[in-house]
Amino acid sequence: MTDERAVQDRLRLLPTIRRARLWRLYAEDGRRYLDLWMDGGASILGAKGTNIGTAAKAALDMGLTRPMPSALEARLEKALLAAYAGYKAARFFLDAGRALAAARALAPGESIAEPRPFDRYLMITPTASRVACPRLPCPSALAPGVLLFAEEGLARAAGGDLVPPLRLACAHRALVELRSFEKTYGESLWRRVDRRLAPHFGRSGPYLYPRLGAASDYDALFRSALKGGALLSPDPGEPSIVPGDFDDGEIAALAKALSDRG
């Protein structure tokens with residue numbers, strides 16, 4: 001189970017962040033961090049993708065910021081069912097927390113699948129489930145909570161929330177961008193980190209799993225990575241992720257900081 005307090009404490013080790021652009025964070029004091037956390041994958045397309053910010057601005061300009069019925073519900077549902085095979089219906093919620101709570105109330109005791117981009121590479125056993133709560137490749141501040149259902153009857157029983165169309169528009173745009181992103185974000189990019197990071201991480205696809213002697217070593221690993229200009233996953237239970245863009249100097253600085261720790 002995630003220790004949310006510990007996660008927040010690790011993130012507070014960052015200096016004040018002025019700006020996030022693609023896979024880098026820029027601090028007020030001039031320091032720059034390569035983002036290997038990406039909010040658990042919500043920002044795998046970069047801080048705001050290519051045009052997710054544009055979709056948010058267009059919806060904001062149209063005043064679509066309040067919960068209300070929208071044609072975007074059907075449009076996003078169609079995109080989700082195309083992206084996640086085996087599901088027949090989708091329902092939307094204000095955020096992922098509300099979606100998960102609804103799923104657990106609807107199917108108590110059942111496992112809830114949480115599919116995410118590139119999850120075939122995760123070092124976990126896939127969960128077969130009648131209900132799924134996908135992690136969308138969309139910044140969490142702009143994303144709705146989503147439940148997918150293998151049975152339409154379950155979807156009808158789940159209900160759902162009215163969601164601001166702005167969030168639906170951003171989620172739809174993220175799914176569109178993911179299809180293009182997958183064409184260049186692959187093994188030829190991911191393996192570029194191996195020469196430097198293999199002593200410190202095991203890699204499965206884009207996911208990086210720390211090689212630790214003990215779970216208690218994670219704080220030292222996280223702090224050392226910050227010194228090396230990189231932000232790892234603040235949750236030891238969640239892997240870090242290879243960014244969509246980086247240079248060898250950034251990876252070398254991270255590797256050196258990790259080698260020097262202790």
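The values are calculated or read from the model by the stated rules, or taken from the named source; none is laboratory data. None of these values were measured; they are calculated from a predicted model. Every residue, glycine as well, gets a Cβ built from its backbone with ideal geometry; the counts of neighbours run over all protein chains shown.
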field: Qualifying helices (runs of 4 or more DSSP H) (wholly inside the stretch 175-262; at least 3 residues being in contact (Cβ under 8 Å) with a residue 12 or more places away in the chain)
entry: 187-190, 218-227, 248-260
field: Test set (1) surrounded by fewer than 18 Cβ atoms within 10 Å (Cβ to Cβ); (2) more than 22 Å from the chain's Cα centre (by Cα) - Ala257 fails condition number
entry: (1)
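Okay, residues lined up against (1) outside the structural domain of Pro15 (by TED's automatic domain parsing); (2) within 30 Å of Ala82 (Cα to Cα):
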| site | (1), (2) |
| --- | --- |
| Val176 | yes, yes |
| Pro199 | no, no |
| Ala220 | no, no |
| Leu231 | no, no |
| Pro243 | no, yes |
| Ala255 | no, no |
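Per-residue answers, yes or no, for (1) part of a strand (DSSP E or B); (2) surrounded by fewer than 17 Cβ atoms within 10 Å (Cβ to Cβ); (3) not assigned by TED's automatic domain parsing to the domain that holds Val242:
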| residue | (1), (2), (3) |
| --- | --- |
| Leu25 | yes, no, no |
| Gly30 | no, yes, no |
| Tyr33 | yes, no, no |
| Ser43 | no, no, no |
query: How many residues are surrounded by fewer than 16 Cβ atoms within 10 Å (Cβ to Cβ) and closer than 21 Å to Glu114 by Cα if we restrict to the stretch 51-80?
result: 1
- request: Take Thr2 and decide whether it is assigned to a loop (DSSP other than H, G, I, E, B), within 18 Å of the chain's Cα centre (by Cα), surrounded by 14 or more Cβ atoms within 10 Å (Cβ to Cβ) and of a type in the set (Val, Ile, Thr).
  value: no
- prompt: Looking only at residues in the stretch 66-80 that are assigned to a loop (DSSP other than H, G, I, E, B) and within 12 Å of Gly160 (Cβ to Cβ), which one is farthest from the chain's Cα centre (by Cα)?
  reply: Pro69
message: Please determine whether any residue of the stretch 106-116 is out of contact with any Asp or Glu (no Cβ under 6 Å at 6 or more places or on another chain), crowded, with 17+ Cβ neighbours inside 10 Å, modelled with pLDDT under 95 and in a helix (DSSP H, G or I).
response: yes
